Amino acid sequence: MANKPKCKIGPSILNADLACLYEESQRLMDAGADYLHLDVMDGHFVPNLTFGAPVVKCLRNKMADVFFDMHMMVAKPEQWVADIADAGADQYTFHIEATESPGALCRQIREAGMKVGVGVKPNTDINVVVEWIDQDLVDMVLVMTVEPGFGGQSFMQDMMSKVSHIRSKYPTMDIEVDGGVGPKTIEHVAKAGANMIVSGTAVVKNPEPAKVIASMKEIVTKELDA
C-alpha cells in the first residue's frame, strides 16, 4: 500500500515534571519518542488549565527539530491559531465539538503553516469528521479514549470501533489515540489501526521509557505492516 502510515509515539509532556520541561522533553526524545504531544487546556472546554503559546515558544527555542502536536482543548480554537503558529507548533489539533465552522478552521490552520488535526470526544460520532477528510482538509484524526481534561481515567476499549472505521475508509490517514494508552492497552490500539500513539504516565513515569516506547512501537508496526 502506498504511503502506508508509520507508527509514531508521542509522549504527553503534561505528565512530566513541568519545572524541568525542556530537560524532560529532551529525555523523552532521547528515549525514542517520535514527537511531543502538548496539551493546552483553557479552563472552559475542559475544567483544567495548563499552558499556552509562551511556554511552547520557549520549548521550541531549545528543540528546533522536534514535531510539536498541539492538542487544543479550548473553547474557541480559532482564537489561538496565530499565537500557536507563531510559537512554532507543527500540528494544531482542535476538537470538532468546540467549533461551529470546522472547514474554515481547518483552512485557517493550514494557512498559518501547520498541519490539521481533528479530535473527537468519546460521545461524538466519528462520522462528523468525514466531510472534512473528504475535502482534504484533515491531516490527522484524534480519537479520544478517555474524556479530555481529566486524569486517571481508564482506557475506553469501545472507542476502537471509531479507529477501525476511519482506518477502513482512509488507509493512509494518520490516526491518533489519546487516553490510558500503554503496554496493557496497546494491542487493542494496534489491531484497530491507530498509528500515532499518545502515552502519558505509561511512558513518562516509567524508569525505562525507551523500553516502553520500543515495545509499543514494535506492536503497532507489526499490525500496520500486516
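Just a few scattered comments:
- Estimated from helices alone, the mean residue ellipticity of the chain at 222 nm is -10000 deg cm²/dmol (sum of -39500 (n - 2.57) over DSSP H runs with n ≥ 4, per residue).
- Candidate values (i) 17.3; (ii) 19.1; (iii) 19.9, label of the one derived for Kirkwood radius over Cα pairs in Å: (i)
- Solution diffusion estimate, µm²/s, Stokes-Einstein, segment 36-126, Kirkwood Rh from C-alpha pairs, 37 °C, viscosity 0.692 mPa s: 250 µm²/s
- Alpha carbon centroid spacing (whole Å) that separates segment 10-87 from segment 125-178: 20 Å
- Once both labels are positioned 7 Å from their Cα atoms along Cα-to-Cβ, the gap between residue 58 and residue 147 label points is 3.2 nm.
- Theoretical FRET efficiency, 1/(1+(r/R0)^6), r = Cβ-Cβ of residue 165 and residue 112, R0 25 Å, to 0.05: 0.30
- Here the label points at residue 104 and residue 82, each 7 Å from Cα along the C-beta direction, are separated by 1.5 nm in the simple model.
- Ranked by solvent-accessible area (1.4 Å probe, protein heavy atoms only, all chains present), the residues 80, 132 order from largest to smallest as 80, 132.
- Net lengthening on full extension, residue 127/residue 65 (0.36 nm per residue, minus Cα-Cα): 18.9 nm
- Taking a straight line from the alpha carbon of residue 4, these lysines sit under 29 Å away, with near neighbours fewer than eight places off in the same chain left out: 115, 121, 162, 169, 184, 191, 211, 217, 222.
- Label zone at residue 215, where the point sits 7 Å out along the Cα-to-Cβ direction: segment 1-34 residues whose backbone N lies under 17 Å: 9-11, 31-33
- Overall, the accessible surface of segment 119-192 at a probe of 1.4 angstrom is composed of carbon and sulfur to the extent of 48 percent.
The values are calculated or read from the model by the stated rules, or taken from the named source; none is laboratory data. Since the structure is predicted, the reported quantities are computational estimates derived from the model, not experimental observations. Cβ: placed from backbone, ideal geometry, glycine included. Neighbour counts: every protein chain shown. Keep in mind that these areas ignore ligands, DNA and RNA; they rest on the heavy atoms of the full protein, side chains included. Shrake-Rupley method; radii C 1.70, N 1.55, O 1.52, S 1.80 Å.
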